[in-house]
1. Among F183, F120, F129, F170, which is in a helix (DSSP H, G or I) and in contact with a His (Cβ under 7 Å, 6 or more places away or on another chain)?
2. Could you give every pair whose Cβ atoms fall below 7 Å, whose first residue belongs to region 330-349 and is among the small types (G, A, S), and whose second residue is part of a loop (DSSP other than H, G, I, E, B), counting only separations of at least 6 or pairs across chains?
3. Against the condition closer than 28 Å to P234 by Cα, of a type in the set (A, V, I, L, M, F, W, C) and part of a loop (DSSP other than H, G, I, E, B), how does A438 come out, does it pass?
4. Report yes if V391 is open to solvent by 20 Å² or more (accessible area, probe 1.4 Å) and over 23 Å from the mean Cα position of the chain (by Cα), otherwise no.
5. Looking at V294, V269, V347, can you tell me which residue is open to solvent by less than 30 Å² (accessible area, probe 1.4 Å), at pLDDT 75 or above and not small (G, A, S)?
6. Hey, does region 69-82 have a residue that's modelled with pLDDT of 80 or more, of a type in the set (S, T, Y) and part of a helix (DSSP H, G or I)?
7. Out of everything in region 88-117 that is at pLDDT below 80 and not in a helix (DSSP H, G or I), what residue ends up being farthest from V55 (Cα to Cα)?
8. Applying the selection to region 98-117, what residues are surrounded by fewer than 24 Cβ atoms within 10 Å (Cβ to Cβ) and basic (K, R)?
Amino acid sequence: MDTQPAPEASQETRNEGHAVSPGSSRDPTGAVAKNKSTLLLDLSLLRENAPFRTVVIARTLSVFSLGMLTVAAPVQIQELTGSPMQVGIAMALGGAGAFAGLLAGGVLADRWDRRKLILFARSVCGIGFAALAVNGFSASPSVLAIYALALWDGFFSALGVTALLAATPFLVGRDNLGAAGQFNMLTVRMGGILSPAIGGMVIASYGVGWNYLAAAIGALLTVAQLMRLPPMPPARREPQHPLRALGAGVGYLFVNRLVGAVVAVGALVSLGGGVRILLPALAEEMYRVGPSAVGMMYAAAPLGATAAALTGGWLGGFARSGALLLASGAAAFVALGSLGFVSDPVVAFVALAGFGYLSSIASLLQFTLVQRHTPEHLLGRVNGLWAAQAVTGDAFGALALGGLTRVFPLTSAILIFSLIALLSSGAMAIGFRSLRFASSKRSEDLPSTSAEKSARPQPQLSKTEKA
């Protein structure tokens, strides 16, 4: 049964913008939170929460649109230039735009109505897709236009992602964040598996222009779906210069040791994603397999992550979420390091799937801990910083692994990289005491600045959550 906004929820959230009131078990749509733990994905949130169902449908459309572009742009640039370097430039520009969009989106999501920001970002992103379609159908496509639009779409797509992340607690209530995180991950991972294949078939059958056009239509449908969301005004705060506002978000990671530790562990785990740059070389030099097997290896980690999203229902009821985050992150690097010992492509596939599963468990826990332990007026900025570290971590991991392969053999480079990451995980487990004892229960009334922390030297945290 779809729920409607409840007057009681509006009264509860009046003093904190649109945050759920302390101790409330109701989400902003009036649905009662279900604090139960199940192995499989709990579908009740999707059935009973109409605004969240709207987000899931829209996010699925968006992920598929973006996934088709990840195939179309590299294929078109390769056809036009024959240069892998120029393909890399386009990817780098898209990544740079995404990083900037995540940071800017964090500031804007704490100042603007998040519904309006989401609609604006998705609409402008769709304009970029349409421009790529026009360029794709042109008799003389411009590579420079693809570069510019990669930067454009990277920026505005990240802007919308940050606003959606910050809006999640309002839409589902903080008690339902674990299930919301599973749905978000499931749509992203399934899209990562299926959309490139669909995009490749469209390009092979009809041409790259039709691929871009399909992505633009997907963006239009996404905006139409998101228009059903309720208004989400920001918490009322004194206006700040954008750079000062961003600085306040960065500063919060040092004021709240728990959230800062979560972001630090997330940055470390995200480094492992860089291993994908070595998969073609491993397939050729170690496993002696062809391109089809390489494609399966690239699909292994997303398949493992999908399994984590489908079977992670128990995470919401796990008391020691912080300890589990540290353990799953360390175990992910054990799985990654095992690639240095295997010579069978099937075993390598299993190791990569294990890495995808464990790193996604860590990501789900990060999402829940960040949302539950961040004040409402900082959610946009902290989510932007958390998402930005994932983007940069992947790139730095690829850079580090690439550098190691210039000095060591492939398998040795993976072993060294994984060992260093594992030791770093151990150091974090020792140093981040607040994270070791953190629970999935939200800590209310957390200080958001160093001045507030000084004024309240004993924040309302349980003994085990204090650093």
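The values are calculated or read from the model by the stated rules, or taken from the named source; none is laboratory data. Treat the numbers as computed from the prediction; the structure is a model and nothing was measured. Neighbour counts are summed over all protein chains in view; Cβ atoms, including those assigned to glycine, are modelled from backbone coordinates with ideal geometry. Surface areas here come from the heavy atoms of the whole protein model, side chains and all, with no ligands, DNA or RNA. Shrake-Rupley method; radii C 1.70, N 1.55, O 1.52, S 1.80 Å.
1. Going through F183, F120, F129, F170 in turn, the sole match is F170.
2. Correct list of pairs: A348/V342.
3. Against the criterion (closer than 28 Å to P234 by Cα, of a type in the set (A, V, I, L, M, F, W, C) and part of a loop (DSSP other than H, G, I, E, B)), A438 qualifies.
4. no
5. V269
6. Looking for residues that are modelled with pLDDT of 80 or more, of a type in the set (S, T, Y) and part of a helix (DSSP H, G or I), one finds at least one in region 69-82, hence yes.
7. This residue is R111.
8. R111, R115, K116, listed by residue number.
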